[in-house]
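> Handing you a structure now.
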Amino acid sequence: AQSVAQPEDQVNVAEGNPLTVKCTYSVSGNPYLFWYVQYPNRGLQFLLKYITGDNLVKGSYGFEAEFNKSQTSFHLKKPSALVSDSALYFCAVRDSHTGGFKTIFGAGTRLFVKA
Amino acid sequence: NAGVTQTPKFQVLKTGQSMTLQCAQDMNHNSMYWYRQDPGMGLRLIYYSASEGTTDKGEVPNGYNVSRLNKREFSLRLESAAPSQTSVYFCASSGLGTSGGGGEQYFGPGTRLTVT
């Protein structure tokens with residue numbers, strides 16, 4: 001069965017510092033991995049995805065994520081955080097072999113960026 | 001281009017009442033989904049429709065029914081609401097085709113439902 005874990009409920013970082021939001025996953029086949037962001041009282045917005053190819057993927061708003069197959073991780077990163085990055089971030093996984101259309105979401109990590 | 005729209009935005013029901021949540025997308029996507037979001041639990045898939053004319057159960061389908069009315073519209077019905085169904089409901093769509101794949105999902109703004 002597929003699963004995804006976000007080990008940190010909350011991440012605090014100062015504006016201008018690099019940020020990392022962690023995600024690990026478990027699938028039986030090859031993973032399709034996604035990051036979404038949710039601002040208050042809004043739906044989720046797609047940030048980036050890994051399907052195949054280069055392990056470092058770049059997405060919206062300067063975010064990037066690195067796929068690490070040996071560690072089954074897909075951590076979200078940004079070199080310099082902005083106050084406006086404060087939001088709830090979700091990692092999600094779909095098993096390319098058995099998951100079909102079922103995407104499993106992590107519980108979410110709340111990011112606070114302090115000015 | 002409105003993306004994914006949902007109605008209503010807010011709803012309060014009494015236990016045992018029924019209601020239908022509406023969802024529509026204008027992106028010509030084949031696949032549509034209904035999720036619920038509860039604190040600390042992320043999003044959980046209720047039902048999905050891989051393509052027009054098909055629907056399948058997700059992780060938490062009990063107490064819900066769905067209808068894929070056409071390619072654009074996918075509704076979620078609560079036949080007899082229970083307090084455990086108090087949640088925020090999101091509709092989403094994606095252009096995955098009929099065999100799954102790596103397409104990202106586009107979400108509506110959500111419906112906040114309270115069952116008393």
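The values are calculated or read from the model by the stated rules, or taken from the named source; none is laboratory data. Keep in mind that this is a model prediction, so the values were computed, not measured. Ideal geometry is used to build each Cβ from the backbone, glycine not excepted, and the neighbour counts take in all protein chains shown.
> Return yes when B:Gln25 is modelled with pLDDT of 90 or more, closer than 30 Å to A:Gln10 by Cα and crowded, with 21+ Cβ neighbours inside 10 Å and no when it is not.
Spelling it out, it is not the case that B:Gln25 is modelled with pLDDT of 90 or more, closer than 30 Å to A:Gln10 by Cα and crowded, with 21+ Cβ neighbours inside 10 Å.
> Given the structure, is A:Phe63 touching a strand residue (DSSP E or B) at 6+ places or on another chain (Cβ under 8 Å), closer than 23 Å to B:Ser87 by Cβ and either among the aliphatic types (A, V, I, L, M) or surrounded by 14 or more Cβ atoms within 10 Å (Cβ to Cβ) (or both)?
In short, no.
> A further question follows. Answer yes or no: is there a residue in the range A:90-103 that is more than 14 Å from chain B (Cβ to nearest Cβ), in contact (Cβ under 8 Å) with a residue 60 or more places away in the chain and outside any strand (DSSP E or B). Steps first, answer last, please.
Just the residues of the range A:90-103 that are more than 14 Å from chain B (Cβ to nearest Cβ), to begin with: none.
Among the residues of the range A:90-103, not one is more than 14 Å from chain B (Cβ to nearest Cβ), in contact (Cβ under 8 Å) with a residue 60 or more places away in the chain and outside any strand (DSSP E or B), which makes the answer no.
> Assuming A:Ala87 fulfils every condition listed in (1) touching a residue at least 60 places away in the same chain (Cβ under 8 Å); (2) closer than 17 Å to B:Gly40 by Cα; (3) buried (at least 17 other Cβ atoms within 10 Å of the Cβ) apart from one, which condition is it?
(1)
> Any idea which of B:Val88, B:Val115 is touching a helix residue (DSSP H, G or I) at 6+ places or on another chain (Cβ under 7 Å), at pLDDT 95 or above and under 27 Å from A:Asp9 (Cβ atoms)?
Exactly one residue qualifies, and that residue is B:Val115.
> Still on this model: Filtering the range A:37-55 down to residues that are facing chain B (nearest Cβ under 10 Å) and within 14 Å of B:Gln37 (Cα to Cα), which residue is farthest from the chain's Cα centre (by Cα)?
Start the filter on the range A:37-55 by keeping residues that are facing chain B (nearest Cβ under 10 Å), which leaves A:38, A:41-52.
Cutting the leftovers down to within 14 Å of B:Gln37 (Cα to Cα) gives us A:38, A:41-44.
Details: A:Gln38: 12, A:Asn41: 20, A:Arg42: 18, A:Gly43: 16, A:Leu44: 12 Å.
Ranking the candidates gives A:Asn41 first.
To keep it simple, each residue is scored yes or no on (1) farther than 27 Å from B:Thr5 by Cα; (2) loosely packed, with under 14 Cβ neighbours inside 10 Å.
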| residue | (1), (2) |
| --- | --- |
| A:Phe34 | no, no |
| A:Asp54 | yes, yes |
| A:Lys77 | yes, no |
| A:Ser80 | yes, yes |
| A:Val113 | yes, no |
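> Restricting to the range B:44-66, and then to whatever is surrounded by 14 or more Cβ atoms within 10 Å (Cβ to Cβ) and more than 18 Å from B:Leu78 (Cβ to Cβ), can you tell me which residue is nearest to the other protein chains (Cβ to nearest Cβ)?
Top of the filtered list is B:Ala50.
> Step by step: first the residues of the range B:3-43, then only those that are assigned to a strand (DSSP E or B) and of a type in the set (Val, Ile, Thr), then the one that is farthest from the other protein chains (Cβ to nearest Cβ). Which residue is that?
The qualifying residue farthest from the other protein chains (Cβ to nearest Cβ) is B:Thr20.
> Oh, and also: Restricting to the range B:104-116, count the residues that are in a loop (DSSP other than H, G, I, E, B) and within 19 Å of A:Gln38 (Cβ to Cβ).
Restricting attention to the range B:104-116, the residues satisfying the condition of being in a loop (DSSP other than H, G, I, E, B) are B:104-105, B:108-110, B:116.
From what is left, the residues that are within 19 Å of A:Gln38 (Cβ to Cβ) are B:104-105, B:108-110.
Total meeting the criteria: 5.
> What's the number of the condition A:Cys23 fails, among (1) within 12 Å of another protein chain (Cβ to nearest Cβ); (2) touching a helix residue (DSSP H, G or I) at 6+ places or on another chain (Cβ under 7 Å)?
With (1) within 12 Å of another protein chain (Cβ to nearest Cβ); (2) touching a helix residue (DSSP H, G or I) at 6+ places or on another chain (Cβ under 7 Å) applied to A:Cys23, the lone miss is (2).
> Give the residue that is nearest to B:Thr5 (Cα to Cα), with candidates limited to residues of the range B:67-93 that are assigned to a loop (DSSP other than H, G, I, E, B) and either of a type in the set (Ser, Thr, Tyr) or within 14 Å of chain A (Cβ to nearest Cβ) (or both).
B:Thr86
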